[in-house]
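Before any comments, here is the structure.
The values are calculated or read from the model by the stated rules, or taken from the named source; none is laboratory data. Note that this is a predicted model, so its numbers are computed, not measured. FYI the Cβ positions are ideal-geometry reconstructions off the backbone, even for glycines, and counts take in every protein chain you see.
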Amino acid sequence: MPREKWLIDPSELDEFQRKIRGLSINESYVIKGCAGSGKTLLALYRALDIHINSIAEDEDDPASFTVVVYTKALKGFLRSGITELAIPIHQIIHFQKWDCDAVDYIIVDEAQDFTENEIKELSDASIKSIMLYGDSEQQLYKKKRNEKTSAMEKTLTIEQIAAQLSLPQFELLKNYRLPSTIAALAAHVGADKALESKCVKIGLEKPRLKKFGDWKKELDYIINEIHTRNYTDVAILVPFADRSKGPQNNFHRNIQDVNAYLDEKKFAHEYKTSDFGKKGLEIDFESNLPKLLTYHASKGLQFETVFIPFCDYPGHDRWFIDKYQTPLYVGLTRSYRNLYITHSDRVTPFFDGLSPSKYQ
Amino acid sequence: MAHYYYPLSTRDFAFENIFSTESVSPAIYYPKKGFGFDYFPVLPGVNNEQAIILFSRPPVYQDENNSKFILKIAEAAINHDELVFLAEGVFAYNSTIYFEKEHLSVLFFSAKELRVAELKSNMSLPTKAAEKYRSSFKLVNETECQTFPAIDASTIKPDHELPLKVALDKRYNHFKGFIYGLVIGQIANDRKKEFGLKVRFQEITNAFAELKSRLDDQLSTKDKSETTRRLHPFIDKLFKAISFAETEYFHLTFGDDIGEPMLIEYLLSKQSRLKSAPDVTRYLDFIITNDELFGSSNYKKIVDGYVRDRTGSVKVFQELRKYIEQFIEIFEVEKKPRYSVDELNNRIKLLLRNATEAHLEQLSASSYDLRTDLGGIAYDFIANEVALNTGQVYLNTKADNEFTFIINAILKFAKSNKGPAQKEMILKIVEEIGNNYSKRGKETLLYQYLENRIDVYSLDNASNLVMKNFVAFVFNPDSLEKLDNFLISKEVEERWMAFSFWGAYNGFANISKNYTRDIFNANNSKLQDYIDSYLRPYILTVVNGKPNIIRVEEPSEVLNQASAVLENTPEEWIVNFFNSNVANQYKLNIDEFTEALKLTQQKLFQDELKLKYQVAKKDSLKLFNAIRKYFDPNALFH
């Protein structure tokens, strides 16, 4: 039985989500969805629908399908879901390893990160249908090197992909992941001031903002809170991978130092630095250990509980404010339930003017 | 036996919906219920928003983009007073139909559609009861379907009893949730050793993840001996986790004790220098003494070796070790590996998943005898309270009373919203329990911690097992899986109590299928039948008796309505009444009295005055009646 986080709860779906879930597997289409709209889970469940229909038709000769992804973190996340939903694991492929073989169905996630020719190749390889999911707003590059030919090519927006392949486009406008209580605070930091109005979930409680005597006490509190509540889907997000990154006053605000402190406290956890991945290993989503990540590395991921320590001045100085507004915003919007922000000096200037009604 | 036919389709998760509650209601109920799905599809031509349209034969109908299926319902499941004749062989039914195994069949139009519906519903979190009715899923041919006249929707009138029926469905859902919570909890409690193996497999996954983090990171370290030193604790932890799981597996498979006779046989076959049983006994004594003197763990190593030897036929542990060793080698030794890191990672993950799944399948397949006589539990629909016979659930009288009090407080503030639990309602429950059982009253440490006024809370603060289970529920009101993990991690005993609290709060509709599969497995039909026969009288009460509970609305709704009325009541009326009837007689000030006025149910009013102001029930009843007389009863009371 899959763990609860991988099972859908149809009672929580709204009319529009149901409409998209109800599309036939033989229809080709493009889904555009904002951050938190759940498009990756929709892609996963599309794969499941194909798998189910296929084995119900002929268990001995199931239809062929491939899920193609662009980022390794996403592959790790989807692989975990695919394992739990008992879909054959080899059917999720990183684009670099895709062999261009024709299959009945192709599902593409983060379609905005593929080049025009890559999209064409994917489309040509699908025999029955192709479903593409993505968000133009989250496009990383306007141009990039074709993974197969090494030539520089332009990438396409979701709208352009739909037009190029002459496919219908559906758009998910709401954020189903982020509780509005967290969005209200995150919107103060980020550029999207309408974020709260896009959120469907009300949220159990407001984000917690807590002050401690020093950075170690912040981490002690985090350790204790994880133990007390027995949180099992947690991220601890910090700005830097190691001490060499960022200005000097960012000592301890990095994976390296926090990892050393957590190890010293014998606090089991996983971590990922910017140097991580030499052998292609990714965060393990089947484990229920807290994951220590940089803001950047958390992009595209979601956790039940997110802790963001060290949110204080002078760490958040002018340089930091200029460079880290978007990464911090990414971190603040990773939680689908609880958000804790801690500091041990004057609270970050990012929160200047923040109404006390937005946190507890 | 005559049957009625209700045509449906898989549109909008109708199949998942009905088997999340074991019932089907008129579509208009769903957005009003406050539990489960808040929508239900209406197929043009054969369905209606206001009522369930029943046919005397399978009808001809279409739904091109979805799979059709028909509920075949025995007339014994129907209250004939609710049937309204529409046309020859067509009826409107104005009530919820509760399923029972002998009264329901589900008819599909092809084997493939049946299979797809089943497989899809397997991935729906709340859809638990499909397995129970599996043997009633049948095929029907289009040629068996009959054409009926089109329904004239104008002839179907809105049901004036709808609020009462929805309120009864809701109460039944939470009461049933409590009963299922109790049963699920007892299974979890009594099989904690067996379920423990699942936890051991999770620990292997965790230890593997922890090691992987370090392995890749350590590649950048040039000093190999330093790398080995740093990695050693994590490698050690992983192999210990495997040994631990293996030992637990051994105990579950071969029994609890690993005694000397087993070790003698094992060591005689493994160590040629040991020639006889006395040799082995002396050798073991020597090992034990050495372990005691020098803190070594050689005896445990022998036991582990024995376990490994016996479980040798169980490939999962052998293969896990093999793949993990290969995995580590890739990082430690610069040689071309047989499998890629990705491939090994996949193999390890699949081994763990399949082993966990196989173990849980095996568990579900074994029958379970419930140790509680459900007959000792009674539910009063009007009071919305359960009563337990003393000693019913294996506790002492004090604990039984605490348990019952908590269940009733939870039923009073049960969940009635989509999404996560509302913090205010959880706080209300905590407040109610604190007021009744803590010297601090509402201001318990738990309350302060939840209110974010203190940073630290320990489960040790809970005074006894009932309260520990209560705290577990309060920390995990939304997910049974999280509650279960919490209880295991904190080693809370008698965890059926926390499961009962969760079930009462969330109701049956929200219970995850992962926790009912032991009950709904075909091998546990005796237990299913027992629960069904216990619940049957309550279903009959809901369907036929319809006790008038409409005045006893949800506390939050009552508060909102009463507040609105109070706003229009001249303040001097309240002050006058207070001065002549309350001041100097009860320990309430004017503000507290105004708050109490919002409680328009007699019982809530009495409970509140008893808890907060120590007003005896007979006095509060007198006051309640006086208020009713003085204020406009049509406005304030309804």
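Scanning segment A:181-196 for residues that are part of a helix (DSSP H, G or I) and either without any contact (Cβ under 8 Å) to a residue 12 or more places away in the chain or within 11 Å of chain B (Cβ to nearest Cβ) (or both) gives A:Thr181, A:Ala187. For segment A:9-33, a residue qualifies if it is farther than 21 Å from A:Ser129 by Cβ and either out of contact with any strand residue (DSSP E or B) (no Cβ under 6 Å at 6 or more places or on another chain) or among the aromatic types (Phe, Trp, Tyr) (or both), and the qualifying residues are A:Asp9, A:Ser11, A:Glu12, A:Leu13, A:Asp14, A:Glu15. Taken over segment B:476-507, the criterion of being free of Cβ contacts under 8 Å to residues at least 12 places away in the same chain and within 9 Å of chain A (Cβ to nearest Cβ) is satisfied by B:Lys482, B:Asn485, B:Ser489. Residue count for segment B:597-624 under the criterion of being touching a residue at least 12 places away in the same chain (Cβ under 8 Å) and either in contact with a strand residue (DSSP E or B) (Cβ under 8 Å, 6 or more places away or on another chain) or closer than 22 Å to B:Ile382 by Cβ (or both): the result is 16. Looking only at residues in segment B:452-463 that are in a helix (DSSP H, G or I) and under 25 Å from the mean Cα position of the chain (by Cα), the one that is farthest from the other protein chains (Cβ to nearest Cβ) is B:Asp460.
What do you reckon, is B:Tyr449 under 23 Å from A:His227 (Cβ atoms), within 10 Å of chain A (Cβ to nearest Cβ) and not in a loop (DSSP other than H, G, I, E, B)?
Considered against the rule, which asks whether it is under 23 Å from A:His227 (Cβ atoms), within 10 Å of chain A (Cβ to nearest Cβ) and not in a loop (DSSP other than H, G, I, E, B), B:Tyr449 comes out as yes.
Hey, among A:Arg79, A:Arg46, which residue is at pLDDT below 85, of a type in the set (Lys, Arg) and farther than 27 Å from A:Ala183 by Cα? Only one candidate passes the filter, namely A:Arg79.
For B:Ala92, the conditions (1) outside any loop (DSSP other than H, G, I, E, B); (2) more than 11 Å from chain A (Cβ to nearest Cβ); (3) surrounded by fewer than 18 Cβ atoms within 10 Å (Cβ to Cβ) are fulfilled apart from (3).
Screening the candidates B:Arg308, B:Arg338, B:Arg321 for the property of being modelled with pLDDT under 85 and assigned to a helix (DSSP H, G or I) yields one hit, B:Arg308.
Regarding A:Thr228, is this residue without any contact (Cβ under 8 Å) to a residue 40 or more places away in the chain and under 24 Å from A:Phe285 (Cβ atoms)?
Yes; evaluated as a whole, the condition is true for this residue.
Just name the residue that is surrounded by the most Cβ atoms within 10 Å (Cβ to Cβ) out of those in segment B:413-446 that are outside any helix (DSSP H, G or I) and among the charged types (D, E, K, R). For segment B:413-446, the residue satisfying everything is B:Lys415.
Here B:Glu246 passes the criteria (1) more than 12 Å from every other protein chain (Cβ to nearest Cβ); (2) within 28 Å of the chain's Cα centre (by Cα); (3) surrounded by 20 or more Cβ atoms within 10 Å (Cβ to Cβ); (4) modelled with pLDDT of 85 or more except the one numbered (2).
For segment B:574-592, enumerate the residues that are in a loop (DSSP other than H, G, I, E, B), more than 17 Å from B:Phe605 (Cα to Cα) and in contact with a helix residue (DSSP H, G or I) (Cβ under 9 Å, 6 or more places away or on another chain). Give the derivation first.
Residues of segment B:574-592 in a loop (DSSP other than H, G, I, E, B): B:583-589.
Checking which are more than 17 Å from B:Phe605 (Cα to Cα) leaves us with B:583-584.
Within segment B:574-592, just B:Ala583 meets the criteria.
Taken together, the residues in segment B:122-181 that are in contact with a Leu (Cβ under 6 Å, 6 or more places away or on another chain), within 14 Å of another protein chain (Cβ to nearest Cβ) and at pLDDT 95 or above amount to 1. Being modelled with pLDDT under 95, among the β-branched types (Val, Ile, Thr) and assigned to a helix (DSSP H, G or I), is that true of even one residue in segment A:198-207? No, every residue in segment A:198-207 fails to be modelled with pLDDT under 95, among the β-branched types (Val, Ile, Thr) and assigned to a helix (DSSP H, G or I).
Tally the residues that are within 14 Å of another protein chain (Cβ to nearest Cβ) and touching a residue at least 24 places away in the same chain (Cβ under 8 Å), restricting the search to segment B:431-446.
Let us first name the residues in segment B:431-446 that are within 14 Å of another protein chain (Cβ to nearest Cβ), namely B:445-446.
Subsequent filtering for residues that are touching a residue at least 24 places away in the same chain (Cβ under 8 Å) retains B:446.
Final tally of qualifying residues: 1.
Filtered by the rule that a residue be in contact with a Gly (Cβ under 9 Å, 6 or more places away or on another chain), in a helix (DSSP H, G or I) and touching a residue at least 40 places away in the same chain (Cβ under 8 Å), segment A:325-360 gives A:Gln325, A:Thr326, A:Leu328, A:Tyr329, A:Leu332. With the condition kept exactly as written, say whether any residue in segment B:351-366 is in a helix (DSSP H, G or I), in contact (Cβ under 8 Å) with a residue 60 or more places away in the chain and among the charged types (D, E, K, R). No, segment B:351-366 contains no residue that is in a helix (DSSP H, G or I), in contact (Cβ under 8 Å) with a residue 60 or more places away in the chain and among the charged types (D, E, K, R). Restricting attention to segment A:206-231 and to residues that are surrounded by 22 or more Cβ atoms within 10 Å (Cβ to Cβ) and in contact with a helix residue (DSSP H, G or I) (Cβ under 7 Å, 6 or more places away or on another chain), the residue that is farthest from the other protein chains (Cβ to nearest Cβ) turns out to be A:Leu219.
For A:Ser298, the conditions (1) within 14 Å of chain B (Cβ to nearest Cβ); (2) surrounded by 22 or more Cβ atoms within 10 Å (Cβ to Cβ); (3) closer than 23 Å to B:Leu211 by Cα are fulfilled apart from (1). Identify the residue in segment B:369-384 that is closer than 21 Å to B:Ala167 by Cα and either of a type in the set (Val, Ile, Thr) or touching a residue at least 12 places away in the same chain (Cβ under 8 Å) (or both) and, among all such residues, is surrounded by the fewest Cβ atoms within 10 Å (Cβ to Cβ). This residue is B:Ile382.
For (1) within 32 Å of the chain's Cα centre (by Cα); (2) not in a loop (DSSP other than H, G, I, E, B), each residue gets a yes or a no:
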| site | (1), (2) |
| --- | --- |
| B:Pro41 | yes, no |
| B:Leu86 | no, yes |
| B:Leu107 | yes, yes |
| B:Arg115 | yes, yes |
| B:Ser135 | yes, yes |
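Residues that are exposed (fewer than 12 other Cβ atoms within 10 Å of the Cβ), of a type in the set (S, T, N, Q) and in a helix (DSSP H, G or I) are absent from segment B:192-210 altogether.
This table checks each residue for (1) touching a residue at least 12 places away in the same chain (Cβ under 8 Å); (2) within 14 Å of chain A (Cβ to nearest Cβ); (3) not β-branched (Val, Ile, Thr).
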site	(1), (2), (3)
B:Pro7	yes, no, yes
B:Lys33	yes, yes, yes
B:Leu71	yes, no, yes
B:Asn79	yes, no, yes
B:Val84	yes, no, no
B:His103	yes, no, yes
